[in-house]
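All remarks here apply to the structure that follows.
The values are calculated or read from the model by the stated rules, or taken from the named source; none is laboratory data. As the structure is a computational prediction, the values presented were derived from the model and not from experiment. Every residue, glycine as well, gets a Cβ built from its backbone with ideal geometry; the counts of neighbours run over all protein chains shown. What goes into the accessible areas is simple: the full protein's heavy atoms, side chains included, and nothing from ligands, DNA or RNA. Shrake-Rupley method; radii C 1.70, N 1.55, O 1.52, S 1.80 Å.
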Amino acid sequence: MYKTVHIVLVIAILTLLFLLTMVVRDQPSAILSIFSRADSAVSTEVSGTETSIQYDHLEQFYFTRNYSAYDTLSYADKVSLKKSQAIITQIKDNCRKMGFSTTWNLLTDFSKPRLLIAKSKNHILYGSNPKTGSTSFKKFLFHLDGDFYSDNFSGNPRGHYEIVKEATFFSSENRINFKDYVKIFSVRNPITRLLSAFRNKQLRKNEIFVPTEGMSDRQQFVKLIKILVSYRLRFDVHFMPQWEQMDFCRFPYDVLIQFEEAHRYTRLVQSLTNTTHTEYPGSRTETGLDDHDTLFYVGELWGALSRDLKKQVYAIYEMDFKLLGYTKVWEPSFPMFHYQYLLTENV
């Protein structure tokens, strides 16, 4: 008898849970409207004036940028801005085709790009993507304050920029303050980014992953790739796929810095943020620290991998290739975008 009672109780509980699920599913607007009414009342004092934020059904992310200074840009910068926006639009289209959301929902999305840094004095919000020129960008932020001597730009901001924490980022005050920031991120071909990470961490002995004694660069690279495809480097940000840490499908970036044409886009960023008075730092090759850039080593290092290892590497970065639209090593326009030809020089 007790067994029968227990069975009846379990069935009754499961039925109740099912009915509750159906109610929530069929009446989401009624539930969300409670939060909508509360959120629509959020306001704050900005420069002595009352500024209200309307969330527009909790889906309109209000980090919007009005390029009021567009007419003051040079012709070259206008072309760069158009190209940058065209690339971002293409990436968003690719995201939608792959089934990813391109909408930032204020009620449910409590995440941000992995490392988001802010330079309040110059209204810069930068999504830091390792091995895409991020160190040079942080160095630039130091230089804007006249600090040309520090050598640790990532681990110790020293007051030159703020590492934006989740609690700070999602406060209503900062959301209002950040709305007029230029929101920037950078990307790079996954293969050259992988090779750059190998050179920086392994060959320069900043972080040794495999033994170096008696091993050539090619042998070290093959061994590291075997570690990579076994997913033992899965959460190392220098080897992690870019789409996982930059959230470029949803986050409302204004400007993309394509590493392969960094000079074009960093000049644009300087124009948009009125920082052209400070010279943007050069790369390791440009400053004489390296004899050759990473592209020079593609044949030597990538060529050392077996066909099977190459396929496994491509599988790890498959979504980066599909969403960003980068070419693979064997394609003629490597390391550029597939749709580079779509980006005209007209403004």
- Query: What are the residues in the stretch 85-103 that are modelled with pLDDT under 90 and either open to solvent by less than 50 Å² (accessible area, probe 1.4 Å) or over 22 Å from residue 268 (Cβ atoms) (or both), if any?
  - Reply: 86, 101, 102, 103
- Message: Please verify whether residue 253 is of a type in the set (Ser, Thr, Tyr), in a loop (DSSP other than H, G, I, E, B) and within 20 Å of the chain's Cα centre (by Cα), treating the condition exactly as stated.
- Response: yes
- Query: Which of (1) touching a helix residue (DSSP H, G or I) at 6+ places or on another chain (Cβ under 6 Å); (2) closer than 28 Å to residue 280 by Cβ; (3) not hydroxyl-bearing (Ser, Thr, Tyr) is the odd one out, the single condition residue 229 does not satisfy?
  - Reply: (2)
- Task: Restrict the check to the stretch 137-160 and report whether at least one residue is more than 18 Å from residue 295 (Cβ to Cβ), buried (at least 19 other Cβ atoms within 10 Å of the Cβ) and modelled with pLDDT under 90.
- Result: yes
- Task: Looking for whichever is more than 22 Å from residue 187 (Cα to Cα), open to solvent by 50 Å² or more (accessible area, probe 1.4 Å) and among the acidic types (Asp, Glu) here; the options are 207, 279. Which one fits?
- Result: 207
- Message: Being in contact (Cβ under 8 Å) with a residue 24 or more places away in the chain and open to solvent by 50 Å² or more (accessible area, probe 1.4 Å) is the filter here; which residues of the stretch 232-243 pass it?
- Response: 243
